[in-house]
């Protein structure tokens with residue numbers, strides 16, 4: 001009788017440990033990069049941080065987006081899709097010494113397609129990583145020289161920053 005109680009206690013303890021381990025691994029993200037990915041993880045973090053810093057948060061509708069912000073860069077685009085120099089200067093200062101490619105994607109509701117344009121086109125290395133940020137701009141904010149002028153819906157942009165070590 002006593003042996004059966006010890007066996008039952010052992011089985012219950014092992015089940016309890018199994019449940020604890022299962023819930024632990026289901027509730028956490030375990031990141032274990034391979035050796036070649038350690039620098040990539042750092043670059044990816046730099047990319048996300050840079051895009052977050054350049055994202056301008058307006059506290060009132062009368063605030064004007066600065067040229068160095070993601071929104072200011074998008075609002076300043078014309079048919080050539082070249083970012084303004086203030087934005088490029090701020091971006092390059094934050095990601096130095098990494099090299100980069102910058103892309104802009106948005107949904108074109110008239111063609112039901114996602115369009116992408118490369119704003120800064122450089123050739124990435126195979127170790128390149130990408131970071132992105134979503135920006136929403138009201139259609140009334142686009143000026144007449146903007147390729148997005150005349151739209152009657154808010155435009156959702158994805159700004160992609162692809163980084164690599166030179």
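The values are calculated or read from the model by the stated rules, or taken from the named source; none is laboratory data. This is a predicted model, so every value here is computed, not measured. We place every Cβ from the backbone using ideal geometry, glycine too, and count neighbours over all the protein chains shown.
Here are the numbers for this structure:
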quantity: Some residue of the range 116-128 being loosely packed, with under 15 Cβ neighbours inside 10 Å and under 21 Å from residue 61 (Cβ atoms); calculated: no
quantity: Residue identified as under 30 Å from residue 137 (Cβ atoms), modelled with pLDDT under 95 and surrounded by fewer than 14 Cβ atoms within 10 Å (Cβ to Cβ) among 64, 30, 19; calculated: 64
quantity: Unmet requirement for residue 150, which otherwise passes all of (1) closer than 22 Å to residue 65 by Cβ; (2) within 18 Å of the chain's Cα centre (by Cα); calculated: (2)
quantity: Top-ranked residue in the range 74-128 [being part of a strand (DSSP E or B) and more than 16 Å from residue 160 (Cα to Cα); ranked as modelled with the highest pLDDT]; calculated: 113
quantity: Test set (1) under 27 Å from residue 40 (Cβ atoms); (2) free of Cβ contacts under 8 Å to residues at least 12 places away in the same chain - residue 97 fails condition number; calculated: (2)
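Table: residues versus (1) outside the structural domain of residue 44 (by TED's automatic domain parsing); (2) buried (at least 18 other Cβ atoms within 10 Å of the Cβ); (3) under 23 Å from residue 57 (Cβ atoms).
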position	(1), (2), (3)
89	no, no, yes
94	no, no, yes
111	no, no, no
136	no, no, yes
145	no, no, no
152	no, no, no
159	no, yes, yes
